[in-house]
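Beneath this line is the structure, given in structure tokens, with notes to follow.
Rule-based calculations on the coordinates, nothing more; no lab input. As the structure is a computational prediction, the values presented were derived from the model and not from experiment. Here the Cβ positions follow ideal geometry from the backbone for every residue, glycine too, while neighbour counts run over all protein chains shown.
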Amino acid sequence: MSLPDAEREIMEYDVVVVGAGPAGLACALRLKQLDADLMVAVIEKASEVGAHILSGAVIEPGPLDELVPGWRDAPPPICVPVEKDEFWYLGKASRRKLPTPPQQNNHGNFIVSLGATCQWLADKAEAAGVDIFPGFAASDIHFTDEGAVGGVIIGDMGVDLAGEPKDSYVQGIEIHARTTVLGEGCRGHLSKQLIRRFELDADSDPQTYAIGMKELWKVAPGKSTPGLVQHTLGWPLDSDIYGGSFIYHLDEDRIALGYVCGLDYADPDFVPFEAFQQFKHHPMVRELIEGGEIISSGARALVEGGFQSLPKVEMPGAVLIGDAAGLLNVPKIKGTHQALRSGMLAAGHIAEKGAAEGFDARLRASPVMAELKKVRNIRPGFNKGLWRGLLTAAIETLTGGALPRTLRNHADHEELEKRAEFNPPEREWGPRELPPRDRLASVYFAATEHDEDQPVHLKILEPDVCTERCTEEYGNPCTRFCPAAVYEMVEDEGGRRLQINAANCVHCKTCDIKDPYQIINWVTPEGGAGPNYQNL
Amino acid sequence: MKILVGIKRAVDYNVRVRVKSDGSGVETDGVKMSVNPFDEIALEEALRLKEAGKADEVIVVSIGPGDVQQQLRTGLAMGADRAIQVEAGDTLQPLTVAQVFKALAEREGAGIVFLGKQAIDDDSNQVGQMTAALWGRPQATFASKVSLNGETATVTREVDAGLETIEIDLPAVITSDLRLNEPRFVKLPDIMKAKRKPLDVIALDELGGVVGVAPEAGHHAPPEPRGRGIMVDDTAALVAELKNRGLV
């Protein structure tokens with residue numbers, strides 16, 4: 001690297017928030033509500049707020065009522081009250097209605113586009129005086145001389161593939177702040193570094209994850225039933241893989257549908273994207289979307305570890321909120337209310353104390369944590385398969401989580417089995433006709449964009465492992481779990497090698513999580529790069 | 001010398017454009033909007049001219065509803081000195097836009113009206129030419145190189161046959177082509193500075209000589225989707241299939 005070694009320009013704030021998601025925006029807005037004199041900045045790597053946000057999403061309105069009183073009179077652009085819940089168990093061509101689990105009773109909740117909701121929330125935060133900077137990636141942490149987090153460093157722009165400055169080179173600035181709030185979402189790349197550096201996970205189980213894929217469809221008139229919320233279990237997954245679907249019926253003939261697969265699956269040949277596409281061919285789904293068109297699609301990892309995997313959420317100079325901490329409630333399949341709540345809680349803490357210290361205890365004593373504690377055994381119950389999982393879920397729900405036990409979580413990347421040792425199940429997957437044809441066609445609907453002349457933002461720490469050990473043991477599962485076909489094994493004059501199509505990346509972080517050797521490190525590309533989701 | 005730069009709010013070039021299901025137009029709900037890329041290039045060139053000491057002030061202009069202020073702020077963050085929003089509805093025809101630029105050019109005493117060669121949404125490629133005609137000044141369209149020499153400008157134009165270099169008297173209209181330059185990245189502190197730069201709002205009818213003409217768009221329709229492909233075994237089969245379909 002021969003980048004200019006000039007002193008970086010510095011901007012000073014009281015609080016800098018990384019990530020304009022529900023947690024970060026709630027924190028920023030609440031800080032200004034509590035103390036209008038505080039200087040608050042929000043850094044967002046997407047080209048505009050909401051463009052990297054992907055969620056179901058059915059949300060509980062309680063925390064929004066607190067944050068934006070009267071919001072129901074001027075709701076976000078897409079906001080449909082839930083009218084009815086349905087819960088189905090699917091066979092390849094069959095379906096059976098199951099009783100809706102109490103956690104999934106969505107009476108009083110709303111179906112929204114979380115991306116559009118974040119834009120809506122960002123407007124409110126800006127009106128309150130928050131400085132929001134979309135298109136800038138917080139690529140590194142600024143540490144103070146004492147070793148505390150002292151802010152963030154914005155990534156340089158205009159660096160070429162080889163790491164040399166281009167004519168357009170602009171050095172990123174440093175943003176210094178008394179408190180840094182990490183609201184990066186699941187597996188944030190700065191949060192990951194900080195959790196390691198400050199050993200925040202020393203007393204918790206490993207975090208566990210899932211990959212969620214989503215498509216927004218415009219369907220034939222009359223096919224959607226606005227307010228209908230459907231979830232399914234079963235086919236196309238075998239009972240060893242935790243996962244299921246959501247089908248949310250919006251207004252204006254729009255349907256949001258998606259599929260979530262736990263990343264603790266063992267099958268090295270499993271392709272989550274393919275499971276989602278198979279699911280769309282179940283008669284129940286196909287009937288809804290056939291003849292329609294895809295408006296937007298994408299993927300994002302989500303946290304599932306809950307109570308026992310929650311790291312310490314404070315460190316000198318910084319706090320973790322939302323899914324960067326890991327607050328999603330799996331049985332409810334919701335995290336937005338937790339994100340908003342933790343953001344507001346952090347704001348209250350920072351406004352009062354002016355420091356991160358004490359936030360961990362505050363969060364753990366709050367309803368955010370009480371909610372997670374109650375359901376802590378439900379997700380790990382599924383580690384023994386679907387049926388044992390449902391049984392555990394029933395017991396834990398009936399007892400309200402009062403049984404004196406906590407099931408443990410295991411790291412997802414350790415769960416993958418070697419090809420030689422794995423017995424592939426019979427999945428009854430058939431040929432497909434509905435779009436998108438493949439992952440590349442799907443990426444097209446994500447409108448993802450990266451300048452190809454920039455350093456590859458997926459760092460392979462030991463490339464030899466890919467071409468040798470991994471090929472032998474797991475058959476390069478990165479070429480299958482990535483929903484955007486970023487990873488490809490190619491043979492050319494140079495022999496067999498891993499090709500990284502970084503420009504396709506939708507920033508879901510699945511590779512960073514599931515790679516069995518933990519040698520893929522996701523870092524931020526140039527600010528503004530990545531998907532341009534439309535109402536996801 | 002003042003340079004007036006027109007910037008249009010258009011659907012971002014990365015977005016897959018969709019026609020509204022009732023055929024009334026293109027879907028912009030929840031769609032990312034940006035500065036028309038050719039206009040961004042025009043602005044970049046104007047800023048470089050100013051930085052080289054050839055111009056004193058760069059003014060960005062956009063015509064439309066309040067939303068266009070977002071793109072004007074981007075222009076200010078890139079380095080423009082001030083911005084003008086001419087308040088108008090969403091659908092404007094090139095002639096109206098040209099009338100606005102002519103009126104503003106006179107009002108501001110502009111030395112150059114710098115525009116993109118066309119907008120990526122309607123692809124009209126008319127505003128630059130019409131502005132020059134209404135204003136009674138020279139034009140240099142599809143510019144890939146611009147240099148100013150006092151009273152005149154030397155402009156290299158991208159034409160069908162290659163490159164054409166012309167010299168024009170100033171004031172004039174110049175429209176940018178793709179290869180003129182690569183626009184700069186906005187610096188974060190400049191976004192803050194842009195918030196404090198002046199942004200004037202003028203009503204359309206405050207400008208003289210603007211007669212809004214608005215032909216009505218009849219219907220919008222997406223192109224027919226491409227049919228399913230077939231695989232043929234050899235050239236003979238390919239030729240036979242093409243003949244069969246009456247294509248050769």
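Across the stretch A:139-144, coupling constants 3J(HN,Hα) worked out from phi with the 6.51/-1.76/1.60 Karplus curve, θ = phi - 60°, read 8, 8, 9, 9, 9, 7 Hz, and Gly and Pro carry x. Shape summary of the stretch A:210-266, radius of gyration then Dmax from alpha carbon positions: 13.0, 41 Å. The charge dipole of the protein assembly as shown, taken about its Cα centre with unit charges on the Cβ of Lys, Arg, Asp and Glu (plus for the first two, minus for the last two), comes to roughly 2180 debye. Computed on the Cα trace of chain A, the radius of gyration divided by the Kirkwood hydrodynamic radius gives Rg/Rh = 0.94. Taking label points 7 Å from Cα along the Cα-to-Cβ direction, B:GLU87 and A:SER366 give a separation of 4.2 nm. Remark: the stretch B:158-248 projects, on average over all directions, an area of 16.0 nm² (convex hull of Cα atoms). Across chain B, counting alpha-carbon atoms alone, Rg and Dmax equal 21.2, 70 Å.
The mean count of C-beta atoms from other chains within 10 Å of the C-beta of residues in A:95-102, rounded to a whole number, is 0. So how far apart, in nm, are the two label points at A:ARG286 and A:ARG196 if each is 7 Å from Cα heading toward Cβ? Each label point is offset 7 Å from its Cα along the Cβ direction, giving 4.6 nm. Under a 5 Å amide H cut-off, with hydrogens placed 1.01 Å from N, A:GLY158 pairs with A:VAL170 among residues at least 5 apart or on other chains.
Among DSSP beta bridges whose residues both lie in the protein assembly as shown, state the antiparallel percentage, nearest 5.
Counting only bridges with both partners in the protein assembly as shown, antiparallel ones make up about 60 percent.
Its Cα centre serving as origin, the stretch A:332-446 has a Cβ charge dipole (Lys and Arg +1, Asp and Glu -1) of approximately 340 debye.
When Cβ neighbours within 10 Å are restricted to other protein chains, what is their mean count per residue of peptide B:25-32?
Taking all residues of B:25-32 together, the mean is 5.
Summary of packing: across the peptides A:246-259, A:216-229, the per-residue average of other C-beta atoms within 10 Å ranks them, highest first, as A:246-259, A:216-229. Over chain B, DSSP H runs of length four or greater, each weighted -39,500 (n - 2.57), average out per residue to a 222 nm ellipticity of -8500 deg cm²/dmol.
Altogether, the Stokes-Einstein calculation at 20 °C and 1.002 mPa s, with the Kirkwood radius of the stretch A:1-67 over Cα pairs as Rh, returns a diffusion coefficient of 148 µm²/s. With a 10 Å cut-off around each Cβ of A:164-177, the average count of Cβ atoms from other chains is 2.
Only helices enter the 222 nm calculation for chain A: every DSSP H run of n ≥ 4 contributes -39,500 (n - 2.57), and dividing by all residues gives -6500 deg cm²/dmol, rounded to 500.
Peptides A:20-31, A:446-457, ordered by how many other C-beta atoms sit within 10 Å of their residues on average, highest first, read A:20-31, A:446-457.
Sequence-ordered 3J(HN,Hα) estimates for the stretch A:228-239 from the Karplus curve with 6.51, -1.76 and 1.60 and θ = phi - 60° stand at 7, 10, 10, 10, 10, 10, x, 3, x, 8, 7, 6 Hz, glycine and proline given as x. In sequence order, the stretch A:90-98 has phi-based couplings of 9, x, 4, 10, 10, 8, 9, 7, 10 Hz under the Karplus curve 6.51 cos²θ - 1.76 cosθ + 1.60, θ = phi - 60°, and Gly or Pro positions carry x.
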